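Data first, discussion second: the structure below is written as structure tokens.
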């Protein structure tokens with residue numbers, strides 16, 4: 001019997017579940033900003049251009065501020081291997097940027113709903129932070145969030161973009177959270193490393209109004225891997241990165257060996273990125289933030305789950321070994337693992353071993369699934385088969401929690417009745 005013969009029937013395994021994909025990306029279409037501002041303001045917002053060499057990128061004042069995004073689905077819904085971004089833009093499949101086309105793709109994949117993150121604009125607001133003119137930056141950010149809410153409305157309750165926050169201005173951040181709440185926003189995505197853009201740590205008093213309002217809302221704050229990176233709008237190297245179709249074209253000796261080519265660099269970087277969220281998870285669970293804001297949920301997006309049992313054990317062990325002073329001991333009301341169980345979601349997509357063996361160790365209420373479409377590591381076009389393979393042997397209650405209930409409860413997504 002071959003491995004293919006041994007695989008379970010995907011439709012049979014997944015039948016009856018309204019699968020919620022907790023990490024996919026929605027690509028910014030060419031008219032995102034220009035179609036949403038008056039004609040007289042179009043020179044103040046990003047515009048997509050394709051140059052003579054066939055490279056498409058986002059420009060502001062004739063300077064590249066971002067690539068066209070991590071798109072590996074070519075027209076005709078064909079996934080392309082070995083690249084991070086298909087060039088030029090005209091070759092990118094509409095399912096990456098059109099709500100109706102994305103919903104049609106969900107139906108093909110057997111997915112009911114998706115939690116969506118940015119693509120070209122980075123995974124938090126750090127790229128927008130690179131716009132030096134603050135008034136202009138505020139405009140770009142607000143229009144972007146308007147676009148996200150339009151996508152949600154046009155999807156008929158199937159697509160749920162996570163809004164970016166203007167953390168450079170806390171009063172504006174609070175107003176934006178309130179505005180987006182009124183439009184039905186289900187969560188926010190923020191950087192796990194605000195210090196990269198000159199801000200204090202997330203537990204600083206500066207961020208207290210954001211956490212307080214989020215607590216009142218019962219909001220989900222999403223930390224997507226690689227959201228800590230920031231790009232300056234005047235960085236000429238971004239152009240070269242878009243030309244070679246990679247965001248890892250620049251030397252980075254701390255991550256990969258210089259002798260590697262761009263494809264192998266991307267593979268090395270991606271492998272290490274998954275575990276980069278260990279920093280935010282450990283800091284959250286070693287702090288008293290959840291004591292102060294008990295209604296907040298956290299989604300560690302695109303970080304995988306295989307390393308989570310080790311981190312949970314390590315936190316408990318190191319707390320006992322290292323934290324002995326009374327002031328340090330009294331900081332938290334509960335154990336790190338207890339905070340994790342009540343507040344943090346982690347997701348898997350390509351893994352086989354951890355979903356089959358470790359979900360109960362991690363917590364059946366803490367694990368969700370994702371597809372990462374249209375990024376290079378996405379499971380498309382075999383998402384159903386991959387899910388069925390790892391979920392077939394699990395208890396139906398565990399299967400239901402992981403495939404739909406954990407995400408639906410955290411994000412407040414109404415599911416169709418069986």
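The values are calculated or read from the model by the stated rules, or taken from the named source; none is laboratory data. Predicted model only: the values in this text are computed from it and were never measured. As a convention, Cβ positions derive from the backbone with ideal geometry for all residues, glycine included, and neighbour counts pool all protein chains shown.
Overview of values
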read-out: Selection within the range 114-132 - touching a strand residue (DSSP E or B) at 6+ places or on another chain (Cβ under 6 Å) and either part of a helix (DSSP H, G or I) or without any contact (Cβ under 8 Å) to a residue 24 or more places away in the chain (or both); value: 127
read-out: Residue tally, condition buried (at least 19 other Cβ atoms within 10 Å of the Cβ) and out of contact with any strand residue (DSSP E or B) (no Cβ under 8 Å at 6 or more places or on another chain), over the range 365-376; value: 1
read-out: Tally of residues being buried (at least 18 other Cβ atoms within 10 Å of the Cβ) and within 15 Å of residue 365 (Cα to Cα) across the range 313-350; value: 8
read-out: Conditions (1) in a helix (DSSP H, G or I); (2) under 30 Å from residue 350 (Cα atoms); (3) modelled with pLDDT under 95: number failed by residue 239; value: (2)
read-out: Breaking point among (1) crowded, with 23+ Cβ neighbours inside 10 Å; (2) part of a loop (DSSP other than H, G, I, E, B), for residue 29; value: (1)
read-out: Subset tally (residues that are part of a loop (DSSP other than H, G, I, E, B), at negative phi and touching a residue at least 40 places away in the same chain (Cβ under 8 Å)) for the range 365-418; value: 18
read-out: Qualifying positions in the range 261-306 - surrounded by fewer than 16 Cβ atoms within 10 Å (Cβ to Cβ), outside any helix (DSSP H, G or I) and in contact (Cβ under 8 Å) with a residue 24 or more places away in the chain; value: 288, 294, 295
read-out: Selected residue (criterion: farthest from the chain's Cα centre (by Cα)) from residues of the range 325-364 that are closer than 16 Å to residue 277 by Cβ and in a helix (DSSP H, G or I); value: 336
read-out: Selection status of residue 16, in a loop (DSSP other than H, G, I, E, B) and either out of contact with any helix residue (DSSP H, G or I) (no Cβ under 9 Å at 6 or more places or on another chain) or closer than 21 Å to residue 266 by Cβ (or both); value: no
read-out: Of all residues in the range 42-60 being part of a loop (DSSP other than H, G, I, E, B) and touching a residue at least 24 places away in the same chain (Cβ under 8 Å), the one that is surrounded by the fewest Cβ atoms within 10 Å (Cβ to Cβ); value: 53
read-out: Hits in the range 83-113 (condition: over 30 Å from residue 405 (Cα atoms), assigned to a helix (DSSP H, G or I) and free of Cβ contacts under 8 Å to residues at least 40 places away in the same chain); value: 91
read-out: Which listed residue is under 30 Å from residue 293 (Cα atoms), within 23 Å of the chain's Cα centre (by Cα), modelled with pLDDT under 90 and not in a helix (DSSP H, G or I), from 246, 227, 233; value: 227
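Here is a yes/no grid of residues against (1) over 29 Å from residue 48 (Cβ atoms); (2) in contact (Cβ under 8 Å) with a residue 40 or more places away in the chain; (3) not in a loop (DSSP other than H, G, I, E, B):
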{"position": "141", "(1), (2), (3)": "no, no, yes"}
{"position": "160", "(1), (2), (3)": "no, yes, yes"}
{"position": "179", "(1), (2), (3)": "no, no, yes"}
{"position": "184", "(1), (2), (3)": "no, no, no"}
{"position": "188", "(1), (2), (3)": "no, no, yes"}
{"position": "196", "(1), (2), (3)": "no, yes, yes"}
